[in-house]
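S.K.: Following this message is one structure expressed as C-alpha cells.
The values are calculated or read from the model by the stated rules, or taken from the named source; none is laboratory data. None of the values given here were measured: they were computed from a predicted structure. Positions of Cβ are generated from backbone atoms using ideal geometry, with glycine treated the same way; all protein chains shown enter the neighbour counts. Surface accessibility is based on the protein's heavy atoms, side chains included, excluding ligands, DNA and RNA. Shrake-Rupley method; radii C 1.70, N 1.55, O 1.52, S 1.80 Å.
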Amino acid sequence: MVRAFLMILFVTCTTISGQLLLKRAVTEVAERVPGVSGLQWLMVTFMSPLVWAAVVIQGVGFIVWVVVISKLKLGVAFALAGASLYILMALVAWLLHGERLAPVQWAGLMLISCGVLMVSKLGQAAA
C-alpha cells in the first residue's frame with residue numbers, strides 16, 4: 001500500500017505541476033496578446049511550449065495512474081488522489097500565488113481528507 005500511495009502522490013504532483021504550467025501559459029498568452037479571443041486565442045495558447053510541457057507532464061502522470069488503478073480499487077485510489085490533490089493544490093496556490101483560503105475552507109479540506117482516510121481504510125478491510 002505504501003508504494004501505491006507514493007505512486008498516487010506522484011500522480012497528484014504531476015497533475016498540480018501540469019495545472020500550474022497551464023495557468024502560467026494562459027496568463028502569458030493574455031499578457032502577450034491582449035484582446036485575442038475565441039479560436040485565435042485557442043491557437044495561440046495551443047502553440048505555447050508551456051502548454052505542451054503540461055501535456056507531457058500530465059501524460060506521464062496518466063501512465064502511472066493506469067498502473068495504480070490496476071493494483072487498487074478505483075474508488076479507493078481516486079479518493080486518495082482527490083484528497084491529496086485538494087490539500088496540495090491549496091498549499092501550492094498559497095505558496096506560489098498568494099491565494100488564501102478562509103479557515104472554514106481549510107476545515108472543509110481536512111474533513112474531506114478524514115473521509116478519504118476512512119474510505120481507504122474500509123476499502124482495505126473489504127479487499
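S.K.: Scan the range 59-96 residue by residue and report those that are under 18 Å from LYS23 (Cβ atoms), open to solvent by 90 Å² or more (accessible area, probe 1.4 Å) and in contact (Cβ under 8 Å) with a residue 60 or more places away in the chain.
M.R.: LEU96, the sole residue that qualifies.
S.K.: Still on this structure, I have one more. Pairs under 6 Å by beta carbon, first residue closer than 14 Å to ALA79 by Cα and in contact (Cβ under 8 Å) with a residue 40 or more places away in the chain in the range 1-17, partner open to solvent by 20 Å² or more (accessible area, probe 1.4 Å) and outside any helix (DSSP H, G or I), six or more apart or different chains?
M.R.: Between residues of the range 1-17 that are closer than 14 Å to ALA79 by Cα and in contact (Cβ under 8 Å) with a residue 40 or more places away in the chain and residues that are open to solvent by 20 Å² or more (accessible area, probe 1.4 Å) and outside any helix (DSSP H, G or I), the close pairs are ALA4/LEU72.
S.K.: Would you confirm whether or not the range 30-50 contains a residue that is touching a residue at least 40 places away in the same chain (Cβ under 8 Å), open to solvent by 60 Å² or more (accessible area, probe 1.4 Å) and either more than 20 Å from LEU109 (Cα to Cα) or of a type outside the set (Phe, Trp, Tyr) (or both)?
M.R.: Taking the range 30-50 and keeping what is touching a residue at least 40 places away in the same chain (Cβ under 8 Å), we get none.
So far as the range 30-50 goes, no, none of its residues is touching a residue at least 40 places away in the same chain (Cβ under 8 Å), open to solvent by 60 Å² or more (accessible area, probe 1.4 Å) and either more than 20 Å from LEU109 (Cα to Cα) or of a type outside the set (Phe, Trp, Tyr) (or both).
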